[in-house]
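Asks: Please see the structure below; I have some questions.
The values are calculated or read from the model by the stated rules, or taken from the named source; none is laboratory data. It should be emphasised that the depicted structure is a prediction, and the values quoted were computed from it without experimental measurement. Glycine also receives a Cβ, built like all others from the backbone with ideal geometry; neighbour counts cover every protein chain displayed. Remember, those area values only see protein heavy atoms, side chains included, never the ligands or the DNA or RNA. Shrake-Rupley method; radii C 1.70, N 1.55, O 1.52, S 1.80 Å.
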Amino acid sequence: MDIISVAIVEDNHDIRTAMELLINGSDGYACIGAFNNAEAALEKIPHLMPNVVLMDFNLPGMNGIECIARLKAEFPDMQFMMLTVYEDDEKVFNALEAGASGYILKKTSPGELLEAIRDLHEGGSPMSSQIARRVVAYFQKQAKPNPALEALTSREKEILDQLSKGFLYKEIAGNLFISIETVRRHVHNIYEKLHVRSRTDAVNKYFNR
């Protein structure tokens with residue numbers, strides 16, 4: 001069995017130590033470097049050339065996503081997996097965009113973590129089930145048209161976008177160079193077409209929520 005070399009970038013001493021012990025105590029795996037910040041990882045990982053890098057998000061100084069982006073640009077064949085407590089959409093997609101091919105939550109069991117490392121090394125994209133569901137939901141939402149919005153004019157969509165950003169009628173009027181009364185008329189039409197009675201309901205419908 002080939003040995004999968006792993007580097008860990010994690011600022012929590014107890015978690016970092018536990019992962020080192022797990023990896024070094026498992027057949028077919030070797031932890032060849034463990035770092036408590038991104039700056040040390042950027043300095044040492046290019047010399048170690050691990051097969052897989054486990055990366056935390058929140059690190060002192062540079063965060064894990066920026067660290068991945070820099071290393072991936074220099075070593076495109078190196079495989080990165082986020083290992084974090086965060087599961088919100090923005091962090092997930094920022095990590096994937098930066099070059100991570102896997103995204104595993106820290107509450108993942110030791111056995112599942114080892115399996116994810118091997119899966120990543122063999123060309124897979126392991127993700128915790130919660131993360132995978134978010135990714136699927138995101139792309140389903142992107143692909144699914146919202147029929148209610150088709151009835152809106154381009155100006156009404158502009159105003160709805162402004163509403164979603166929290167602007168007041170006066171601010172929308174200034175941003176779009178129209179009168180407040182015109183904004184009110186468009187908002188009334190938006191509510192009528194979307195069959196809603198409030199800004200919140202209109203915005204939720206706008207984002208297909």
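Asks: Of the residues that sit in the range 46-56 and are assigned to a helix (DSSP H, G or I) and out of contact with any Phe, Trp or Tyr (no Cβ under 8 Å at 6 or more places or on another chain), which one is most open to solvent (accessible area, probe 1.4 Å)?
Replies: Among residues in the range 46-56 that are assigned to a helix (DSSP H, G or I) and out of contact with any Phe, Trp or Tyr (no Cβ under 8 Å at 6 or more places or on another chain), the one most open to solvent (accessible area, probe 1.4 Å) is HIS47.
Asks: So how many residues does the range 92-114 have that are closer than 22 Å to ASN12 by Cβ and assigned to a helix (DSSP H, G or I)?
Replies: The total comes to 9.
Asks: Taking the range 120-133 only, how many residues are touching a Phe, Trp or Tyr at 6+ places or on another chain (Cβ under 9 Å) and either open to solvent by less than 70 Å² (accessible area, probe 1.4 Å) or at pLDDT below 80 (or both)?
Replies: 6
Asks: Can you spot a residue in the range 102-109 that is among the hydrophobic types (A, V, I, L, M, F, W, C), open to solvent by less than 50 Å² (accessible area, probe 1.4 Å) and in contact with a Pro (Cβ under 7 Å, 6 or more places away or on another chain)?
Replies: Looking for residues that are among the hydrophobic types (A, V, I, L, M, F, W, C), open to solvent by less than 50 Å² (accessible area, probe 1.4 Å) and in contact with a Pro (Cβ under 7 Å, 6 or more places away or on another chain), one finds at least one in the range 102-109, hence yes.
Asks: Oh, and also: I'd like the full set of residues that are hydrophobic (A, V, I, L, M, F, W, C) and either surrounded by fewer than 16 Cβ atoms within 10 Å (Cβ to Cβ) or not in a helix (DSSP H, G or I) (or both), limited to the range 57-91.
Replies: PHE57, LEU59, MET62, ALA73, PHE75, MET78, PHE80, MET81, MET82, LEU83, VAL85
Asks: What pairs can you find where one residue is in the range 48-74 and over 16 Å from GLY33 (Cα atoms), the other is open to solvent by 50 Å² or more (accessible area, probe 1.4 Å) and aromatic (Phe, Trp, Tyr), and their Cβ atoms are less than 7 Å apart, with a gap of 6+ or different chains?
Replies: Qualifying pairs under 7 Å: PHE57/TYR86.
Asks: Let me ask you something else. For the range 152-190, how many residues meet the condition of being open to solvent by 50 Å² or more (accessible area, probe 1.4 Å), assigned to a helix (DSSP H, G or I) and under 28 Å from ALA137 (Cα atoms)?
Replies: 3
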